[in-house]
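The structure appears right after this line, and notes come after that.
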Amino acid sequence: MFSKILIANRGEIAVRVIRACRELGVRTVAVYSQADADALHVQLADEAVCIGPPPASQSYLQIARIMSAAEITGTEAIHPGYGFLAENAHFAEVCEACGIRFIGPPSQSIQLMGDKAAARRMAATQGVPVLPGSQEPVHDLEEAQRIAEEIGFPLIIKASAGGGGKGMRVVSEPEAIESGLAMAGAEAAAAFGNAAVYLERFLPDPRHVEIQVVLDAGGRGIHLGERDCSIQRRHQKLLEESPSPALTPVLRGAMGEAALRVARAAGYQNAGTVEFLLDGDGHFYFMEMNTRIQVEHPVTEMVTGVDLVKTQIRIAAGEPMQLTQVGVIVQGHSLECRINAEDPDRFLPSPGKLSNVRFPGGPGIRVDSHAYVGYVIPPFYDSLVAKLIAHGHDRGEAIGRMQRALDEAIVEGIQTTIPFHQKILRHPEFLAGRTSTRFVERMLSEH
Amino acid sequence: MDLKELKALLRLMEGNDVEELEVEEGGRRVRIRRRTAAMPMTAPAVLPAAAGARSATAAAAPVALPAAEGAGLIPVESPMVGTFYRAPAPGAEPYVKEGNLVEKGTVLCIIEAMKLMNEIEAEVRGRIAKILVENAQPVEFGQTLFLLEPA
């Protein structure tokens, strides 16, 4: 086991990793920007090193300073958390070159899965279903029309170089292809400096279901079931749950097995998540693989009893994985609400000082947060304040506990999305387990 | 509470193997928590913190710094994370001593980061009023290394 780990991150995930290290008897080094001098992760770590001014580009993304901090503290391994450098293959390479263990997959796996088009081609070669689409960017209208006939309608024209909803156009009939190409291409060029677009079958109202996988260095691999992350706004997840109300044991087995096939083909090690879209007829399609620990990992931890972060650290330390597939038992149901520092109606950021904080407790409630009374949420980073997680012996109990937790929670001094989550938790579609990726859109348009 | 008193407190703590010390004087409270011998610079916390002052000054700066800045002294802050060296090589003469007059561009020290030696230069003309770190001490971004009296 390592004697010292540096956490190259901040906020609640840095606190999460520090907690896992504490339990493993590993000493911790926090890095922080000047805006995070009072942050909880700095207070909890055994050592702390300031690595720059507030902007992430000058601090949490500064590879050289982070490596320097590792050097002067005698760090043996670095946990990158999520976001920032977590999926930066170059950073993983630099760690390897400096003799510091990167707690995550090999840099080549990060590289391979980071190229979304290449990842999908690879999934297809593994016999994993992929949405029909053009393998390469389309060059002209004729090619687009030909491919459109094969793919079928509706289809979506997407920027090769981008994401986040930019450079995308949904096309429902052949006549609209020409203008769709022109608009998507122009938007892509403006947003990403690259007008290349590709075509893909469009699912009108799918669920987003992802599979948690864990593999060790010795070739052992398991999946820990799914998380349904359909409740999103502008492609940002807001509420996640496990199990997914849409999965049968047969479907779960098929998706888990497909996820592991993809992971193995990528030479993957450590914890990762394979994302799928699920249509209304029980067909699933590979979308991408996230080569890191995810924000919503607690949901899986609650239903399986597996500490994913400690597992990550153990695997990185070379320990063979003790978990087996038959040993993974999903018990009960879990939900997570991401509480953001945003106004609950227009979702505008709301940084500032927390004048009062009282997190819920009691049976089946877990709170992952770096917030405390008097903490000033800086404006430079993401707006996540706390993750409220509820577990119950079935979905109904988990929902009841989450409703209680949201009602008990007090976070004052800033605006939060707690009222928005309370709305979701009362909505008949959610209660019936019938949500999909357009649920939030539908809910917001109801007023 | 000034720098001299703080340093005396730190020596007292080290000498008696005290890990944590909190002192209140004249409405200002200081809590000093020692880490390992290798990392003495992890932040003394100032309570209550004036949020504006905290974000402006480097977290690792000793508490007395704002008072010192008020006296017109200019801090030379580390632009990187690494190990501070006073001289170009072991055994060589230090680049500067307290009391020396330096010009803009004078090399004050070396910070070693990842086996690369980086020369840190003075940004203004002035006299070295105080050297705040010791040879071979690890330093963090923004940590005050020297106090210069402008000349």
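Taken together, the values in this text are just the output of simple stated rules run on the coordinates, not laboratory data. Predicted, not measured: the structure shown is a model, and the values here were computed from it. A quick note on method: Cβ atoms are made from the backbone with ideal geometry, for glycine too, and the neighbour counts reach across all protein chains shown.
Counting only residues at least eight positions apart within a chain, or on another chain, the lysines with an alpha carbon under 23 Å from that of B:Lys97 are B:Lys4, B:Lys7, B:Lys130. Entry note, chain A: relative contact order of 14 percent, from Cα contacts under 8 Å with a spacing of 6+ residues. Bridges between two residues of chain A, per DSSP, are antiparallel at a rate of about 80%.
Modelled label positions at A:Arg358 and A:Asp307, each set 7 Å beyond Cα in the direction of Cβ, lie 3.1 nm from each other. Once both labels are positioned 7 Å from their Cα atoms along Cα-to-Cβ, the gap between A:Gln325 and A:Glu93 label points is 3.4 nm. Legend: ranking of residues A:Arg426, B:Arg33 from fewest to most surrounding C-beta atoms inside 10 Å; resulting order A:Arg426, B:Arg33.
The Cα trace of region B:97-145 gives Rg and Dmax of 11.2, 31 Å, the first to one decimal, the second as a whole number. Residue by residue along A:24-37, Cβ atoms of other protein chains within 10 Å of the local Cβ number 3 on average. Could you tell me which residue out of A:Phe286, A:Thr435, A:His333 lies farthest along the dipole of the protein assembly as shown toward its positive end? Charges go on the beta carbon: Lys and Arg +1, Asp and Glu -1, centred on the Cα centre. Positive-most Cα among the choices belongs to A:His333. Of the residues A:Ser179, A:Ala14, A:Phe91, the one whose Cα sits farthest towards the positive end of the charge dipole of the protein assembly as shown is A:Ala14 (charges of +1 on Lys and Arg Cβ, -1 on Asp and Glu Cβ, taken about the Cα centre). For the residues A:Ala45, A:Ala69, A:Ala56, a GNM of chain A with alpha-carbon springs under 10 Å puts the largest fluctuation on A:Ala56. Each peptide among A:169-175, A:113-119 gets the average number of other Cβ atoms lying within 10 Å of its residues, and from highest to lowest they stand as A:113-119, A:169-175. Its relative contact order, with pairs defined as Cα atoms under 8 Å and 6+ residues apart, puts region A:273-312 at 30 percent.
Specify whether the C-alpha gyration tensor of region A:4-103 places it in the rounded, prolate or oblate class, a ≥ b ≥ c being the square roots of the eigenvalues: rounded for a/c under 1.5, otherwise prolate if a/b is larger than b/c and oblate if not. Rounded. State whether the protein assembly as shown is rounded, prolate or oblate according to the following rule on the C-alpha gyration tensor (a ≥ b ≥ c being the square roots of its eigenvalues): a/c under 1.5 gives rounded; otherwise a/b larger than b/c gives prolate, and the remaining case gives oblate. Prolate, because a/c is 1.5 or more and a/b exceeds b/c. Shielding of peptide A:56-65 by partners, expressed as the average count of other chain Cβ atoms within 10 Å per residue Cβ, is 2.
With the simple model of a label 7 Å out from the Cα in the direction of the Cβ, A:His393 to A:Glu178 spans 6.5 nm. Rounded to the nearest 20, the Cβ-based charge dipole of region A:132-201 about its Cα centre (Lys and Arg +1, Asp and Glu -1) stands at 380 debye.
Averaged over the residues of B:137-144, the number of partner chain Cβ atoms lying within 10 Å of the residue Cβ comes to 6.
Taking a straight line from the alpha carbon of A:Lys4, these lysines sit under 26 Å away, with near neighbours fewer than eight places off in the same chain left out: A:Lys310, B:Lys115.
Residues B:Val81, A:Val411, A:Val330, ranked from the fewest to the most other C-beta atoms within 10 Å, line up as A:Val330, A:Val411, B:Val81.
Quick one: if the Förster radius is 30 Å, what FRET efficiency do A:Asp343 and A:His283 give, using the C-beta to C-beta distance and rounding to 0.05? According to the calculation, E is roughly 0.20. Applying 1/(1 + (r/R0)^6) with R0 = 45 Å to the Cβ-Cβ distance of A:Ala432 and B:Asn118 gives a FRET efficiency near 0.15.
Setting aside same-chain residues fewer than 8 positions from A:Lys353, which lysines have a Cα under 20 Å from its Cα? Of all the lysines, those that pass the test against A:Lys353 - Cα under 20 Å, at least 8 places apart if same chain - are A:Lys387.
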